[in-house]
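A quick write-up on the structure given underneath.
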Amino acid sequence: MNSLTAVLYRSRWVLAAAVSLAFLALFFVYPLGTMSVRSFTDFVSPTDSGFANYHWFFTSDAQLTILRRTFLTSVFVTVLCLAIGYPYAYLMTVVSTRWRMVLLAAVLMPFWTSLIVRTYSWIILLGDSGPIVKALHALGFGNVRLLGTTTAVTIGMAQIMLPFLILPLYSQLTQIDRALLRAAEIHGATPRTALRTVYLPLSLPGITASCTIVFVLTLGFYFTPALLGSPQNSLLSQQIVSQVNSQLAFGRGGAMALALLLITLLILAGGSLLGRPFTRALGTKSEAH
């Protein structure tokens, strides 16, 4: 081993970190910085204020409605994924190994098909002549229309986001010692009480992490709202694409994207601060039992 090879071998971790940092700087920091700069320098019409794009965004009722709809849709998708994903992840922890593999394969199966193909399948299912609408008609729900509504967007995004909630949540649930449930039952707790006061608090870190992943990813969804929704109920990602591609308003698009990023960070930081005492209290209570 010559001296150059020895030096490269000793500094291999430094080189690996430098490559990673260079990658992040080139493909994340640089585009984000460019977008931020253009939001203060690129305007649709001449102006003296560097905040003209932000003033346009935060004083437009239409844009604020779209921003509010984007966050509400993300919340609905996250809640729907949690309502379906938590029992599913819990079931994966109590069944036999063979059934666990079957359930895991069912979760991973959507990754084997294209996102666009899955979204187009929802167009068939939720269309006016699709099986879901026909079933609703047969049940007496009248003239129901799903495709082109926020309901269709929520259903489609929840199906796509479900694996991103189940997999990290399942990983956390497998670390919970089920002997704690048996200990609670020995001391007089019913299975439901033991699940609520012992198992649920211990699973809160997994719930928080998985819900955060789903919520943040849902905020930036474009294909599913574009295909299943309509211009009347568009989300912020569609408006950003419209501003950039159709109107060439890069400054406005950058301002909308940066505002969405900052608001999301503020919400996550506030939720973390507000939820910390609650999580600590539940943890203390479970320890007391």
Using a 10 angstrom cutoff on alpha carbons, build the Gaussian network for the chain and name the most mobile of ALA179, ALA152, ALA249. ALA179
Phi-derived 3J(HN,Hα) across segment 98-113 with the Karplus relation (6.51, -1.76, 1.60, θ = phi - 60°), rounded Hz, x for Gly and Pro, is 5, 5, 4, 5, 5, 5, 5, 5, 5, 6, 7, 4, x, 5, 7, 10
What's the FRET efficiency of ASP128 with ILE84 using the Cβ-Cβ distance as r and R₀ = 30 Å, to the nearest 0.05? 0.70
Could you pull out the longest piece of the chain with no exposed loop trypsin sites (Lys or Arg not before Pro) in it, calling a site exposed if DSSP puts it outside H, G, I, E, B and it has at most 16 other Cβ atoms within 10 Å? 1-144
Roughly speaking, to the nearest percent, how much of segment 51-186's 1.4 Å accessible area is carbon and sulfur? 70
Below 8 Å between Cα atoms, with a sequence gap of 6+, how large is the relative contact order for the chain in percent? 28
Result for the chain: accessible area per residue, probe 1.4 angstrom, in square angstrom, of 59
State the answer as a single residue: which of ILE160, ALA189, LEU136 lies farthest towards the positive end of the charge dipole of segment 127-209, with beta carbon charges of +1 for Lys and Arg and -1 for Asp and Glu, about the Cα centre. ALA189
Round to the nearest 0.05 the FRET efficiency obtained for ALA135 and LEU64 when R0 = 35 Å and r is the Cβ-Cβ distance. 0.45
LEU273 and VAL29 label points (each 7 Å along its Cα→Cβ direction) are spaced in nm at 2.7
Can you tell me the dipole magnitude for the chain around its Cα centre, using point charges on the Cβ only (Lys, Arg +1; Asp, Glu -1), in Debye to the nearest 20? 680
Could you give the length gained by full extension between ARG196 and ARG100, i.e. 0.36 nm per residue of separation minus their alpha carbon distance, to one decimal place? 32.2 nm
Give me the tail of P(r) for the chain as a percent: Cα-Cα pairs with distance above 37 Å. 34
Pick from GLY270, GLY148, GLY85: which residue has the top mean-square fluctuation in a GNM of the chain where Cα pairs under 10 Å get a spring? GLY270
Using a Förster distance of 25 Å, how high is the FRET efficiency between THR47 and LEU262, based on the Cβ-Cβ distance and rounded to 0.05? 0.70
Stretch SER114-SER242 to full length: gain in nm at 0.36 nm per residue minus the Cα-Cα span? 43.7 nm
Please check: in the Gaussian network model of the chain (C-alpha springs, under 10 Å), which one of TYR199, TYR54, TYR30 has the largest mean-square fluctuation. TYR30
Take peptides 261-267, 224-230 and line them up by average Cβ neighbours within 10 Å, highest first, as a rough protection proxy. 224-230, 261-267
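The values are calculated or read from the model by the stated rules, or taken from the named source; none is laboratory data. Note that the structure is predicted; figures quoted are calculated from it, not measured. No Cβ is skipped: glycine too gets one built from the backbone with ideal geometry, and neighbour counts run over all protein chains shown. The area values use the complete protein model at the heavy-atom level, side chains included, leaving out ligands, DNA and RNA. Shrake-Rupley method; radii C 1.70, N 1.55, O 1.52, S 1.80 Å.
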